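Down below is the structure, laid out as structure tokens.
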Amino acid sequence: MTSTASHIRFLFYLVIFGVCIYFIHGYASRQGVSKSGAAIMVDGKSYRLKQISGHDNNCMMRGIADQYNRTHSDTVHHLDVRRTITREIENKPQLYDTDARTVSIDDMKKSGTQGGHMELVAAANYFKRPIHINDVTAGNVIKIPPKNPKHTTPWVLNFTSNGSESGHYDSLVKQ
């Protein structure tokens, strides 16, 4: 067999392997969250999935707004949540490691900029409520406690990774 044929065979197997990983990862990411209303267990409690639109990178802020609106019978918009969270980070720089940011606070103020762990911590601190993230892809629950809690019932979001650094947040509603 020639060297070229060996390289082609190697590339073929590499592509097949990549396709298999893609489908396995996609299948695992969708388990238990295939449709809105599906029962999901988090820390022994049953939740129903409320799908959040947001393939525009606003899904985390929309999810937090949905949780806020459920506990306060209000209609806060995700842009208000974004403004509140970025203001919290700006006003209390001693609490947030701004050197660890992947985007600037000015970019985070803009709709469509994807939030991360720092924004979740800022939300928990500002709203004085724990935020739990059910990470479907990793198979664990990330618990973010507020610095000075006022509420004990957590807001629960569902996170599904798409295999890269980004992913999607949905809201979980207690049944």
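So how do D56, D99 line up by other beta-carbon neighbours within 10 Å, fewest first?
D99, D56
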### Query
Where a Cα-Cα gap under 16 Å defines reach, which aspartates and glutamates qualify for K92, not counting those fewer than 8 residues away within the same chain?
D106, E119
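If you wrap a convex hull around the C-alpha atoms of region 49-165 and split its volume per residue, what is the figure in Å³? List each step's numbers first, then the result.
Values: hull volume 12.8 nm³, N = 117.
It is 109 Å³ per residue.
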### Query
If you rank Y47, Y169 by fewest surrounding Cβ atoms within 10 Å, what's the result?
Y47, Y169
### Set of lysines with alpha-carbon distance to K45 below 25 Å, sequence-local pairs under 8 removed
K35, K128, K143, K147, K150, K174
#### Entry: Length released on extending from K128 to N140, taking residue separation times 0.36 nm less the Cα-Cα span
2.0 nm
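Only the coordinates and a few stated rules stand behind these numbers; no lab work does. Keep in mind it's a predicted model, so treat the numbers as computed, not measured. Using ideal geometry, Cβ is built from the backbone for each residue, glycine included, and neighbour counts are taken over all protein chains shown.
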